[in-house]
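Comments concern the structure below.
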Amino acid sequence: MKKKIKCFNSIKELIFNYKFFISKEIKIKGWVKHFRYNCFIIINDGSTINNLQIFIDKKFSSLVKKINIGISIEVIGVLVLSQGKEQNIEIYANKIKIIGKFSPEELQKTILQPKTHSFKKLREQAYLRFRTSIFSSILRIRHNISFSIHKFFFKKNFIYINTPIITTYDSEGAGAGEMFRVTNFDLKKIPLNEKGELNNNLDFFGTSTYLTVSGQLQGEAAASGLGKIYTFGPTFRAEKSNTFRHLSEFWMIEPEMSFYKLVHNMNFAEKLLKYVIKFVINNSYEDLFFIEKKNKRKIFKRLNNVLESSFERISYTNAIKILKYSKKGINWGEDLKSEHEKFLAENYFNNPIIIYNYPLKIKPFYMRINNDNKTVAAMDIIFPYIGEIIGGSQREERYNVLLKRILELNLNIKSLWWYLNIRRFGSVPQSGFGLGFERLIQYITNIDNIKDVIPFPRYPNHAYF
Ligand code: ATP
Ligand code: MN
């Protein structure tokens with residue numbers, strides 16, 4: 001009779017259930033991480049930061065030459081409690097099958113040596129980063145952050161909706177130069193009109209189209225029937241800001257809540273951020289711990305500080321007073337630069353802060369005008385080190401006020417007519433915000449560059465892999 005072998009789908013599953021399989025024969029697969037003293041093969045399969053040690057005895061002597069870091073193997077062996085300090089369990093190998101092999105010389109010459117590399121170096125081989133401990137840790141944390149966001153909204157009875165990626169306008173009122181054009185024109189024979197301009201009517205959609213910079217306006221339409229919705233999708237910005245916190249393609253979470261005013265918006269955003277941080281501490285503890293050790297960066301202390309504090313709320317006007325008093329050379333009415341935000345969150349309050357009620361002139365048309373007629377019900381959440389992580393507002397729900405604002409700003413009524421109609425039929429107070437997914441991951445993992453918290457980063461002059 002054939003012996004029954006327990007096949008594990010992942011090392012994570014094995015570690016979770018090991019107590020039931022001690023002294024039993026099991027099967028597991030993975031990539032070789034280390035090979036020590038010609039008898040310990042250490043494998044990992046990406047499911048967890050924890051490796052699995054395989055012990056091979058003398059009968060494998062012919063196999064030893066074929067083992068090198070990076071190859072993939074299948075192991076059948078007996079699960080035993082380990083003598084070593086580093087791990088609870090190990091496998092005493094009976095059978096080892098090499099699944100995928102290669103010569104280490106070839107790898108070293110052409111790609112990368114199997115050793116620790118800088119983040120920058122790894123970026124040049126982004127498709128291989130998944131094999132490194134640090135990057136797979138970051139991505140498992142990213143996964144848990146994403147999951148916890150969906151979980152939070154699910155518990156709060158929000159409806160997840162998907163907004164279009166191809167759009168015809170810019171909700172932020174930014175210049176089209178900051179948006180990626182979408183076209184199927186044959187670039188060799190672009191149709192021009194009599195004035196020598198692009199004839200967009202002949203383009204695929206009969207008009208000029210762009211990759212979305214935000215799903216907010218469509219989100220507002222959805223919230224006006226579904227009550228509370230959120231989007232979680234890709235967002236594109238063609239700004240040439242190649243900084244440590246900007247990507248050309250990033251992911252944004254945009255909740256939109258009917259019947260919420262600005263203060264509810266702030267409370268909700270703070271709750272969401274704290275929920276996610278708590279979830280990740282509980283569920284990604286080992287990966288966070290690994291990154292903290294490896295990068296010699298504080299992670300838990302920072303995150304616990306956020307959980308214990310209530311975010312400082314300060315009006316734009318008071319923020320300007322502090323900045324003036326601290327001789328930061330800024331006047332009321334000017335937009336805060338990232339160095340101003342940095343000063344307030346990092347040096348002055350040393351805490352996440354919420355700045356609200358910004359001047360009307362520096363914010364987009366859809367934000368609700370306050371009674372002073374000078375400010376709008378906007379709120380930005382600023383984190384130390386990262387800067388703006390959330391930008392949001394209460395929306396202008398009064399049809400006449402909104403129409404007047406659109407006309408004053410000379411915005412294209414022909415493309416905004418449908419948005420105006422949301423406010424004509426049963427309009428209600430509404431609020432929402434945009435949370436930058438990668439900025440949140442960056443803060444939680446304390447990774448310097450945003451390019452290292454997304455699987456395949458897109459930034460100026462870089463669209464490889
Ligand atoms: P910043 O001033 O930092 O460039 P923004 O004012 O352009 O931000 P919004 O348009 O309000 O940002 O976008 C909402 C959120 O999306 C931001 O709070 C931030 O978390 C994130 N975000 C914005 N631009 C980028 C980008 N280029 N890469 C990654 N995340 C971004
Ligand atoms: Mn920006």
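Here LYS120 qualifies as part of a helix (DSSP H, G or I) and of a type outside the set (A, V, I, L, M). A single member of SER214, SER118, SER133, SER148 is within 22 Å of ASN446 (Cβ to Cβ) and surrounded by 18 or more Cβ atoms within 10 Å (Cβ to Cβ), and it is SER148.
With the structure loaded, tell me whether LEU217 is within 16 Å of ligand 2 (Cβ to nearest atom) and either more than 17 Å from the chain's Cα centre (by Cα) or not hydroxyl-bearing (Ser, Thr, Tyr) (or both) or whether it fails that test. For LEU217, the condition - within 16 Å of ligand 2 (Cβ to nearest atom) and either more than 17 Å from the chain's Cα centre (by Cα) or not hydroxyl-bearing (Ser, Thr, Tyr) (or both) - is not met. Among residues of segment 190-214 being of a type in the set (Val, Ile, Thr), part of a loop (DSSP other than H, G, I, E, B) and in contact (Cβ under 8 Å) with a residue 40 or more places away in the chain, the one that is nearest to MET252 (Cα to Cα) is VAL213.
Does LEU247 satisfy the criteria of being within 13 Å of ligand 1 (Cβ to nearest atom) and in contact (Cβ under 8 Å) with a residue 60 or more places away in the chain? So LEU247 passes the test. Against the conditions (1) surrounded by fewer than 19 Cβ atoms within 10 Å (Cβ to Cβ); (2) at pLDDT 95 or above; (3) more than 16 Å from ligand 1 (Cβ to nearest atom), THR375 satisfies every one except (1).
Here is a check on your reading of the model: is LEU112 farther than 20 Å from PHE289 by Cα and in contact with a Lys or Arg (Cβ under 9 Å, 6 or more places away or on another chain)? Yes: the conditions hold for LEU112.
So that you can scan it fast, the table gives a plain yes or no per residue for (1) basic (Lys, Arg); (2) more than 16 Å from ligand 2 (Cβ to nearest atom); (3) on the phi > 0 side of the Ramachandran plot:
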position	(1), (2), (3)
LYS374	yes, yes, no
VAL401	no, yes, no
ILE406	no, yes, no
PHE425	no, yes, no
VAL428	no, yes, no
ASN461	no, yes, yes
TYR464	no, yes, no
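Taken together, GLU74, GLU25, GLU90, GLU124 contain a single residue that is free of Cβ contacts under 8 Å to residues at least 12 places away in the same chain and either on the phi > 0 side of the Ramachandran plot or of a type outside the set (A, V, I, L, M) (or both), which is GLU124. Which ones in segment 259-286 are outside any helix (DSSP H, G or I) and either buried (at least 21 other Cβ atoms within 10 Å of the Cβ) or on the phi > 0 side of the Ramachandran plot (or both)? Selection gives PHE259, TYR260, SER284.
Within segment 287-294, does at least one residue satisfy the condition of being over 22 Å from the mean Cα position of the chain (by Cα), away from ligand 2 (no atom under 16 Å from the Cβ) and surrounded by 15 or more Cβ atoms within 10 Å (Cβ to Cβ)? The answer is no; no qualifying residue exists. A search for C-beta distances below 7 Å between a residue of segment 391-408 that is of a type in the set (A, V, I, L, M, F, W, C) and any residue that is within 16 Å of ligand 1 (Cβ to nearest atom), counting only pairs 6+ apart in sequence or on different chains, returns ILE406/PHE365.
The values are calculated or read from the model by the stated rules, or taken from the named source; none is laboratory data. This one's a predicted model, so the numbers in the text were calculated from it and none came from an experiment. When we count neighbours, we look across all protein chains shown, and the Cβ atoms used for this are built from the backbone with ideal geometry, even at glycine.
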